[in-house]
1. In this structure, is E112 crowded, with 22+ Cβ neighbours inside 10 Å, of a type in the set (D, E) and either over 14 Å from G176 (Cα atoms) or at pLDDT 90 or above (or both)?
2. From the list G522, G528, which residue is touching a Pro at 6+ places or on another chain (Cβ under 7 Å) and open to solvent by less than 10 Å² (accessible area, probe 1.4 Å)?
3. Taking V493, is it modelled with pLDDT of 90 or more and in a helix (DSSP H, G or I)?
4. Report whether or not L171 is on the phi < 0 side of the Ramachandran plot and at pLDDT 85 or above.
5. Can you name every one of the helices (runs of 4 or more DSSP H) wholly within region 554-603 that holds 2 or more residues which are out of contact with any helix residue (DSSP H, G or I) (no Cβ under 8 Å at 6 or more places or on another chain)?
6. Within the group A243, A236, A255, which residue is among the aliphatic types (A, V, I, L, M) and open to solvent by 10 Å² or more (accessible area, probe 1.4 Å)?
7. Step by step: first the residues of region 48-73, then only those that are open to solvent by 30 Å² or more (accessible area, probe 1.4 Å) and of a type in the set (V, I, T), then the one that is farthest from the chain's Cα centre (by Cα). Which residue is that?
8. Looking at region 650-665, I want the residues that are polar (S, T, N, Q) and have a partner that is outside any loop (DSSP other than H, G, I, E, B) with Cβ atoms under 7 Å, at least 6 apart or on another chain. Which pairs are those?
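The values are calculated or read from the model by the stated rules, or taken from the named source; none is laboratory data. Since this is a predicted model, take the numbers as computed values, not measurements. Here the Cβ positions follow ideal geometry from the backbone for every residue, glycine too, while neighbour counts run over all protein chains shown. The area values use the complete protein model at the heavy-atom level, side chains included, leaving out ligands, DNA and RNA. Shrake-Rupley method; radii C 1.70, N 1.55, O 1.52, S 1.80 Å.
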Amino acid sequence: MISGSLLTLLRVAILVAVGFLAASAQAQTPVLAGYLEKMPAADLVAGADGYGEIRPDLPVASVLKGDEILGWAFVTSDFVGTTGYSGKPIHTMVAVNAEAQVIGVKLLKHSEPIVLIGIPDSKMQAMVAGYVGLDLAAEAKASGEAHKLNIISGATVTVMVIDDSIVRAGLMVARGLGLGGLTAPIAAVGPQPEIDPEVQVTGDWATLEGDGTIRKLSLDVEQINTAFATLEDKRAAARPETAPADATFIDMRTALVSVPGIGRSLLGDAEYRNLESWLKEGDSAIVIAGRGIYSFKGSGYVRGGIFDRIVLDQGDISVRFHDRDHRRLGRFAIDGAPEFPEVDLFRIPADSGFDPAKPFRLQLLVQRPVGAIEKVFTTFDLAYQLPERFLKIMAPAPGPAPASTAASASEQAAQAALWQRIWRDKTPEIVGLAIMLLVLTGAFFFQTFVTRSERFTFWFRMSFLTVTLVFLGWYANAQLSVVNILALAGTLVTGFSWQAFLLDPLTFILWFSVAAAMIFWGRGAYCGWLCPFGALQELTNRIARALHVPQWTLPWGLHERLWPIKYIIFLGLFGASLASIDQAEHLAEVEPFKTAIVLKFIRAWPFVAYALAVLVAGLFVERFYCRYLCPLGAALAIPARIRMFDWLKRYQECGNPCQTCAIECPVQAIHPTGEINPNECVNCMHCQVLYQSDTKCPVVIRKLKRRAVGAESTASLDRFIKNKPTTENPSNLRG
């Protein structure tokens, strides 16, 4: 007979097993399956009337018009990571035809806070509809950079994630189905060639040219003129090169210098060590040298960062070189090397899919002007195959990694490439923020010197807040929000990933800085100096003061009882996020940040009216919103209690009897008893100006008076001693 407790345990085990199996089955179901009924085929592709079955080998379904297949539909999240700023996937349905062209795109579902509320869905749908006509075959050749990215202000991260997912998932589908001439990568079967790092190279330049280690492309002027003469555009033939026919147009050489033996021979040991330190794991590198009339580099990379005259092709993989993947090399170290005015190293990233053991070609683009701004182009190929002596045949490993593991590693590399691309694109903004943080940190560490002059402190603060509002807020949209905290809490529950946070470099840097600042100065470093909306409140209040708008000081009892409102708002939002993050993000509109900063008041009138009402209140009560309503300030105040240092200097007389600082504190963060409330202080430094003021601080004034009295007493004593009659000074004797 089974005991009651054992029976209960058995029931629990069965329920857990059933739940696990149900979750596993749900995880294996393609996202596409849940949207085929919700998204009519006609809405995705004009003229379509239905879908076919989902293929067993690939999560795609045919798009039908009667019995005719117009294309294939898929959801990007079934193929690539689509994690957005919210930490949740962005589902986009895409349809491609047999020519690997996108024929339909619909944004299905997302949890992006700025898009959910701040930007109309019609604007986002119009943005994704712009991908109709995208040529995936061209994208494959251009490494996904053949199209122009259409950024929507305020949703940069979201747009870049959608763009990345459409292109990468589209290429996977096109290759998997063989669309547009693209082919799926064939899994290696049997022994495969690999680079043998032990092979040493002996001989001079001529020897390496002879055995194919160095390959060349040499063109004279006659060959170039002949090539342009065969083009359809006859204007090219009408403008031939005027140099002698046998003059060297370009003499170009290349070699795979990431192969140790080749690299050491051509570059020398020291330069090869530099190359090794430059390359990351899995990267390759080639050297290209050129001389003659034509430059393989040109000058386009100086303006746009891309070398537009050379492309590396290997199968359907194309690698375009950027300036970040380029280094100049002075000369070759090998004996007998000719002199080349251009010798350059180019890095081939590991995530490009390039295989150094397989043949590849360098494509040289030659251009000829035919008008004021018009040019025509023709191309020439330099084929390269690594000599067999640098290869070794490796037997397949006894336990190959599952395909899912390889796919996961590839996906992680692709997602890393996405956030790294975003960081590169945001370089000017990152530099600007770094300078702001450096200046602010210096001001805090040397606040005694900064606050010696009330005038300097005032204008320094007003200038910094102006930069915060204009540059950090309206230009860079780097406004932190309580939504960031709710999203972080959500990812901790569902599975933390750095990906969502790295997608916005300025927000990531700001949060990192806020975390560090809370240890030293509390929440005031952000709330008082780096919050764009806080800066907007303070600057508008200063303008109001200049226009003689009356300022209201709330009674301390009322003021103190209004403080908890922002904490209640934050706790309410946090509780709502536990039930539904989407609902919490809607409720987070209590923050007027999106309206006033990100969208610059271009929004529906209720949101604009609310933001203006908050700012109007701030004209009479400085930083009204910060004091009583801001859930972000409340969220930062809670962990800020851990600060380890107290930088704000106080006198024993502060609060008893002196009330100067408490009366003049812009946000009433100083208790009548003299203590500064770190939960409310915005580190404006005004109390530190008063601390050194010789016109307002009674303690300083008393010290100066004592010093003056002491100095006067000393001077009187000196005069008395000087004028006292002495035997040594008979002239001072009376009579």
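1. Taking the combined requirement at face value, the residue satisfies it.
2. G522
3. No: the conditions fail for V493.
4. So L171 fits the description; yes.
5. 556-562, 564-579
6. A243
7. The qualifying residue farthest from the chain's Cα centre (by Cα) is I69.
8. Filtered contacts from region 650-665: T660/L690.
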